[in-house]
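Coordinate-derived values only; no laboratory data. Bear in mind the structure is a predicted one, so any value in this text is a computation, not a measurement. Cβ placement follows ideal geometry from the backbone for every residue including glycine, while neighbour counts extend to all protein chains displayed.
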C-alpha cells in the first residue's frame, strides 16, 4: 500500500478512537479510557511520522483522492488529501502534542461528567482529527469543514470547567469570534467557486492562472475574506482579541494544544491558500500579499509583546506571548520565499515544545496553589525547584537562547526578512522571554518586593486587568499535595524536543526541503492534479549563522536584564497611565471583537489592493 | 425587463448575502443579550447559504434529482452548492447548540446574559 | 471600549466590508448563469453511479470526506454539550412532575408521532433517490420521539429515551461511517471508495455505499439529536440552579 493511501487514516484513527470512547464510555473505567485515548492519538502520530519518513525528496507530495475520484485531465469531483512535508509535518506535530497533552493529564485531571470517563479524551481525539484533517486537505471547502471541527471541539474544551464564571465567558467569546471568521472564509470560498467553478486548491489555482492579469475586486475580496477567517484562528491583530480570553480559561492540557499548534494552523492555512491558489500569474501580486502580511505581522508582534509584558495572570501572559510570536511567524511568511518559510517551520516546531512546556509548568502551579497570579504566588513555589528550573529554561528558550529550535527559527527568519526584522525579533523575544523569566524570579525564587496591594483592595474587581488569583485547581480532590510524575516529565520532554529542533542537522535539511515544496505553486498543481512528482529546486537549507547566534544571545541577555530590572523595582500600586488604553482595548466584550473583526477585514483589503 | 433591471437582478441575490452578513455583525456587536447574539451569528451564517445557493442557480433549473426527471431533459441547478449548504446548515445547527449551552452556563455563573455586564476577562 | 468607540469602529469596518463585497458582487457571473463546470461533472458522476439524487451522490460519494467531517462536527458538538450541560456539583436534580395536557393536543400528538416516525425513516431510506437523507430524516425521527413529551409528559419521554443507549447509537453511527470507509481501504480501493455494486437506477438498493452511509448518518443524527435535546431538557426541566440567590437572567 502506498504512503498516499494511508493519509485518510491519520484523520480516521482518532475519530474512531473518539467514537469508541463515547460508545463504551459508560462501562470503561477511567484508566482504560485514558489508555485508549493515548493509543489512538499515538497511532495517528505513528502514521503521520511514518508517512513523513517514507516520503522521498524526489516525490514530495503524495496525494490521495478520497473515494478514488482521481481527476482526468485536471478535472474531477473528489477531495484530495496532500501529504506534502509541511502538511504531514504539522499533522505529526499535532499528534505528538496531543499525546503529550493526554499524558500530562494522565490520571490527574478532574473528570466530569460522572460516568463519562471517555468524554475528555474523546473530545481531544476529535480535536486532533480536526487539526490533522485541516493540515492534510487539499480542498478549500473541506478545509472549512475541518476548521469548524477543530473549532467546535475547541470551544467545548475551553468551556470544560463550567462550574466557574471565567471559562464559560472565554469559551463563548472564542466561539462567537471564530465562528464569524469561519463564515467570512466561507463567503470567500463561495466567491472563488463562483469565479472558477472549483473547490480544490490546485484546481482553483489552475483556473485562475488560465487568465493571467491583475487581480480584480472579486479576487481581492475572496482572498481577504478567506485570509481574514484564517487569521482569526491565527490571532493576528486586530483579530487576536479572543485568544487571551480563551487561553486564560481553558484547562491547562488544552492550552498546550491551543497555543502550541491550533493558532499556528491558522497561519499555515493562510500561507497554504496563498501559495496554492493566489501565487500564480492569475492570482494576487506577491508585493500586495507581502505588504499585508508584513504590516499585520509587525503590529501583532509589537502589541503581543507589550501586552505579554503587562500581564500578571500567568496563562494570559503566555497567551499574549503566543500572539507576539504569531506576529514574528507572519513576518517570516511575508518574505514569500522558501527561506523565510523554512525559518517559520523550525520556529513553529521549537515554539510548540517551549510554549506547551511553559503551560504545563503553569498548570502545576495552578493545581498546587490554586492560583496563577504572579504576585500572589510570590516566593511560594520555592519548594518546586524542578518545575521552576523547567519554567526558567522555557523562558530562556522563548527569549531565543541558542541552541533551542526557537533561536534557530528566529535567526533564519531574521536573515530572510532583513535588517529591521532583526530588531523586531530581538525585541519580541526579549519582552516575552523577559516576562516569563520575571514571573519565574518572583514565583520560584521570591525575588523582589511583594505587591503592595496583595491584600485585595476595595474596588479591585472593577479594575482594568485580570488577576490570576483564586482559580479553581483542575485536579481531582482539589489542590495537589504531591505533583504527579507525568506532570513533571512531560514539560521536560517537550523542552528536550525544542532543543532537538535546534540541534538535529537532518531536521534543518528537511525543513528546507519542506519549505521549498510548500512555496512551489506550479509544483503543487502538477503533483496534485496530474500526478507529476515535481520536486522543488534544491536550495540552501536553513542553518545556524554566527550573526544569528549572537542576536539570540543578545535577546536572551536582554530578557534576563529586563526580568531582573523588573523584580528589583518596587511594584507600582497602579498600572502606568500609558497602558490603560491598551488594556481597555482588550475588553473581554464579544461585541468589541466583532467590530474589530470588520475593521480588520477592511484594513486587510486596503493592504491587498 | 430593461437592461438596467436585468443587471440589478443579476447581482441582487449576492447583495442580499452581503447585507445579511453585515446585519448579523451589527447585531452581534451591539447585542445586549447573548441569546440574541447567538441568533445574530445564525444570521451571518444565513448569508453564506444565500450566497452559495445564488451562485449555484441556473435559469429555469430544477432540483438535481433524477428520480422523476429524465437526465438531460431539463436544466438542473448545481448539486455541489446544495451539498455544501447542507453541510453548512448542519455545522450552523451544531455550533448554535453548543453556543446556547455555553449561554445557559453563563446565565448560571454570572447571573446575567448581558455581554456588557460580563467583566471577568479584561486587559 | 465605550459603546461610542465600538460604534465608530463598527461603522468604519462595516462600510469597508460593504464596499469590498459590493465590488466583488459586480465581478460575479450573473445570477442564473449557465457556467457550472463542477456541478455538471457531479451530475454526470452521480448518474454513472446510479444515484438518482445528485446531491446525495455529492454528499456521500464524491465528497464523502466532507460529510465525515460534518458528521464528526455533530458528534463533537453532542459530546461537547454533554460535557457543558452536565449536572455540576452544586446543582440538584428535581424529579419532573406530571403535567396536565389538553385533550386535543394529546390526540394530535399521539396521531402525529407514528406518522412522523415513519416519515423520518422513509426520508433516511430514500436519501439516494429523493431529496432528503440521513441528516434530514434523522432530525425528523428524533423530533417524533419528542412528540411524546407534548402528548404525555416528560417522564413518558424519559421512559422511551434511555440516554445512555442513544449515546451508544450516536457513537455507532460515527464508527459505522469510518468502518465503511476503512472497509474500502481493506478491499484494496481508496478510503471511502464506493466499492459496493451500484444496483438498478432509481431503486432503493441503488448507489452502492450511498444508502449505507446515509443509514449510518441517519442513526448518528437521530441518536445525537436525542442526546442533545435531552441535555437541554434536563436543564430546563430537572436541574435546579445552584442554591445561591434567586436566578435573575437565567436562560429561558
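Need the failing condition index for residue A:102 against (1) over 17 Å from the mean Cα position of the chain (by Cα); (2) within 11 Å of chain C (Cβ to nearest Cβ), just the number.
Exception for residue A:102: condition (2).
Restricted to region B:57-70, and to residues that are in a loop (DSSP other than H, G, I, E, B) and free of Cβ contacts under 8 Å to residues at least 12 places away in the same chain, which residue is surrounded by the most Cβ atoms within 10 Å (Cβ to Cβ)?
Top of the filtered list is B:66.
I'd like the full set of residues that are surrounded by fewer than 16 Cβ atoms within 10 Å (Cβ to Cβ) and within 8 Å of chain A (Cβ to nearest Cβ), limited to region C:30-46.
C:35, C:37
When you scan region A:49-99, how many residues do you find that are within 13 Å of another protein chain (Cβ to nearest Cβ), in contact with a helix residue (DSSP H, G or I) (Cβ under 6 Å, 6 or more places away or on another chain) and assigned to a helix (DSSP H, G or I)?
Total satisfying the criteria: 2.
Report whether or not residue B:38 is at the interface with chain C (Cβ under 8 Å from one of its Cβ atoms), part of a helix (DSSP H, G or I) and over 11 Å from the mean Cα position of the chain (by Cα).
No.
In region B:76-91, what count of residues is obtained for those that are within 7 Å of chain C (Cβ to nearest Cβ) and either farther than 10 Å from residue C:58 by Cβ or part of a helix (DSSP H, G or I) (or both)?
So the count comes out to 9.
Do any residues in region C:88-116 that are within 14 Å of another protein chain (Cβ to nearest Cβ) have Cβ atoms under 9 Å from those of residues that are part of a helix (DSSP H, G or I) and surrounded by 11 or more Cβ atoms within 10 Å (Cβ to Cβ), where the two are at least six apart or on different chains, and which pairs are they?
Matching pairs, first to second residue: C:88/B:105; C:88/B:108; C:91/B:108; C:93/C:234; C:93/C:238.
Sort out which residues of region C:47-62 are crowded, with 24+ Cβ neighbours inside 10 Å, at the interface with chain B (Cβ under 7 Å from one of its Cβ atoms) and in a helix (DSSP H, G or I), and write them in order of number.
Residues satisfying the conditions are C:54, C:55, C:58, C:59.
Looking for something touching a helix residue (DSSP H, G or I) at 6+ places or on another chain (Cβ under 9 Å), over 29 Å from residue C:204 (Cβ atoms) and surrounded by 20 or more Cβ atoms within 10 Å (Cβ to Cβ) - is there at least one such residue anywhere in region C:102-118?
no
Somewhere in region A:323-333, is a residue within 14 Å of chain B (Cβ to nearest Cβ) and either surrounded by fewer than 24 Cβ atoms within 10 Å (Cβ to Cβ) or touching a helix residue (DSSP H, G or I) at 6+ places or on another chain (Cβ under 9 Å) (or both)?
The answer is yes; a qualifying residue exists.
Working only within region C:159-205, note down all residues that are closer than 29 Å to residue A:115 by Cβ and part of a loop (DSSP other than H, G, I, E, B). Let's see the steps before the verdict.
Let us first name the residues in region C:159-205 that are closer than 29 Å to residue A:115 by Cβ, namely C:159-179.
Selection gives C:160, C:161, C:162.
What pairs come up if the first residue lies in region A:222-238 and is closer than 13 Å to residue A:330 by Cβ, the second is in a loop (DSSP other than H, G, I, E, B), and their beta carbons are under 6 Å apart, counting only those six or more places apart or on different chains?
Partner pairs satisfying both residue conditions: A:231/A:239.
Can you work out which of the residues in region B:96-113 that are in contact (Cβ under 8 Å) with a residue 40 or more places away in the chain and more than 7 Å from chain C (Cβ to nearest Cβ) is nearest to residue C:231 (Cα to Cα)?
Residue satisfying both the conditions and the ranking: B:100.
Name the residue, out of B:54, B:15, that is assigned to a helix (DSSP H, G or I), within 7 Å of another protein chain (Cβ to nearest Cβ) and without any contact (Cβ under 8 Å) to a residue 24 or more places away in the chain. Steps first, answer last, please.
Details: B:54 fails: without any contact (Cβ under 8 Å) to a residue 24 or more places away in the chain.
Unique residue meeting the criteria: B:15.
Any residue in region A:134-146 that is at the interface with chain C (Cβ under 10 Å from one of its Cβ atoms) sitting within a Cβ distance under 8 Å of a residue that is surrounded by 24 or more Cβ atoms within 10 Å (Cβ to Cβ) and assigned to a strand (DSSP E or B)? List the pairs, counting only those 6 or more apart or interchain.
These pairs meet every condition: A:137/A:80; A:137/A:81; A:137/A:82; A:139/A:80; A:139/A:200; A:143/A:137; A:146/A:137.
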